[in-house]
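Here the structure is laid out as C-alpha cells; the discussion comes afterwards.
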Amino acid sequence: MLNPADIHSLLKEFSLSPSRALGQNFLTDANTARRIARLAAAGPGTRIFEIGPGLGSLTLALAETGAEVRALEFDRHLIPALESVIAGLDSVSVSHGDALTFNPDEFLGPDKSTSQRWHCVSNLPYNVATPVVVRLLADAPQISNFVVMVQREVGERWTAPLGTRASGSISVRIAYEARARIVAAIPRTVFFPPPRVDSVIVQLDRRDKPLVDVPDPEFMFSLVGAGFGQRRKTLRRSLRSILGDQAVSVLTAAGIDTNQRAENLDLDHWAQLARSAKP
Ligand code: SAM
C-alpha cells in the first residue's frame, strides 16, 4: 500500500508533478483505500473497472482483495510510475484512455449479462466526475454499481431526493438509472496534494430497469434540463424554451400545477410531462 513517503518518492523518481487540471489528488492513506475496496465488495471473482488509477493507491487495495482490476488512466506520463507499482500483479491491467470517450464494449467486453458485470471504483477526477458517471450510466450497462469518491457538494447533488430544493437535473438523471447514497465522508488530509474541497464516497446501484418508462428518455432529460436551467422560474416559464406556447397546456395535461418549479417535481411528474409533450 502507498503512504505519503511512497507518493513523494514516486513523483520524484519519475519526475512528475500533480496536475490540477487532471484532478490529481493522490490517496496517501491505506485505511481509506481498503475501506473503498470493502464498500465496493471487491474480492475473488469480482471484476473492477477503475477510472484514473493515478499512482496506484486504490489499485493496490483492490488487487489485494483478489479482484480482477482493469484500469483506465488519461495521463500517459503517470503510466510508467503506475506500472512500477503494480509490477507482478497478474490480476491488474492498465490502459491509457479517456473515461469520457473510451469504448465500454471494447474495454469491458460486449457481454452485458448480469453474471458478467463490473463494479466501477474510482477516486474520480473532480472536473469530469458528473459527465463520466452520466455517460457510464447511459452507455455502459456492463457496470452494475459504482463506488466513487467525489467532491461533497457534487455527491449531495447526485443523491438529493427529488422534489426537494437540494435536487438538480443530475439528481433526476441518476435517480432514473440508479439508487444513490453517500456512504462516507473523507477528510482532505488523506490526499497529496490536499484538495481545496471536502470529499464523500457515493455508492450507485444500477436499477434492473429505469424507474419510469418513457419512450424517449433524452427528450425527458431535455425538459428536466430546461426546468432546472432556470430553476427560480415557474415551469410555465422555464419550459417555454422547449415547449414554446404549448408549455401551459402540456403541464395542465400532465396534471402539474403550472406555477410549480423544477425542484418540486419527482420522476413520475417528469415522465408524465414527457408523455404529455410527446404522446
Ligand atoms: N486513483 C488515484 C488515487 O486515488 O490516488 C488517483 C485519483 S486522482 C483524484 C484522478 C485520476 O484520474 C488521476 O490519475 C488523473 O490523471 C485521472 N484522470 C483525469 N481525467 C481522466 C479521464 N478523463 N479519464 C481517465 N482518467 C482521468
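The values are calculated or read from the model by the stated rules, or taken from the named source; none is laboratory data. Here the structure is a predicted model, which means the values were calculated and not measured. Here the Cβ is made from the backbone with ideal geometry for all residues, glycine too, and neighbour counts use every protein chain on show.
Scanning the range 165-176 for residues that are part of a helix (DSSP H, G or I), more than 27 Å from A33 (Cα to Cα) and of a type outside the set (A, V, I, L, M) turns up S169, R173, Y176. Of all residues in the range 149-164, how many are assigned to a loop (DSSP other than H, G, I, E, B) and acidic (D, E)? Final tally of qualifying residues: 0. Reported count of residues in the range 91-139, each being in a loop (DSSP other than H, G, I, E, B) and either at pLDDT below 95 or within 9 Å of the ligand (Cβ to nearest atom) (or both), is 14.
Annotation note: of R196, R236, the sole residue that is farther than 23 Å from N145 by Cα, assigned by TED's automatic domain parsing to the domain that holds R157, among the basic types (K, R) and surrounded by fewer than 20 Cβ atoms within 10 Å (Cβ to Cβ) is R196.
Taking residues in the range 212-226 that are of a type outside the set (G, A, S), and partners anywhere that are surrounded by fewer than 18 Cβ atoms within 10 Å (Cβ to Cβ) and part of a helix (DSSP H, G or I), the pairs with Cβ atoms closer than 7 Å and at least 6 places apart or on different chains are V212/D268; L223/I242. Scanning the range 227-258 for residues that are in a helix (DSSP H, G or I), in contact (Cβ under 8 Å) with a residue 12 or more places away in the chain and farther than 30 Å from I182 by Cβ gives R236, S241, I242, L243, Q246, A247, V248, V250, L251, A253. Scanning the range 114-127 turns up no residue that is in contact with a Lys or Arg (Cβ under 9 Å, 6 or more places away or on another chain) and aliphatic (A, V, I, L, M). Only a single criterion out of (1) surrounded by fewer than 13 Cβ atoms within 10 Å (Cβ to Cβ); (2) within 11 Å of the ligand (Cβ to nearest atom); (3) not in a loop (DSSP other than H, G, I, E, B) is not satisfied by L60, namely (1).
Take A87 and decide whether it is aliphatic (A, V, I, L, M) and within 8 Å of the ligand (Cβ to nearest atom). In short, no. Only residues that are within 12 Å of the chain's Cα centre (by Cα) and within 16 Å of the ligand (Cβ to nearest atom) were counted across the range 141-168, and they come to 9. Apart from one condition, V69 fits all of (1) within 22 Å of H8 (Cα to Cα); (2) within 13 Å of the ligand (Cβ to nearest atom); the exception is (1).
S84 meets all of the listed conditions (1) over 19 Å from R207 (Cβ atoms); (2) in contact with a Gly (Cβ under 8 Å, 6 or more places away or on another chain); (3) polar (S, T, N, Q) but one, namely (2).
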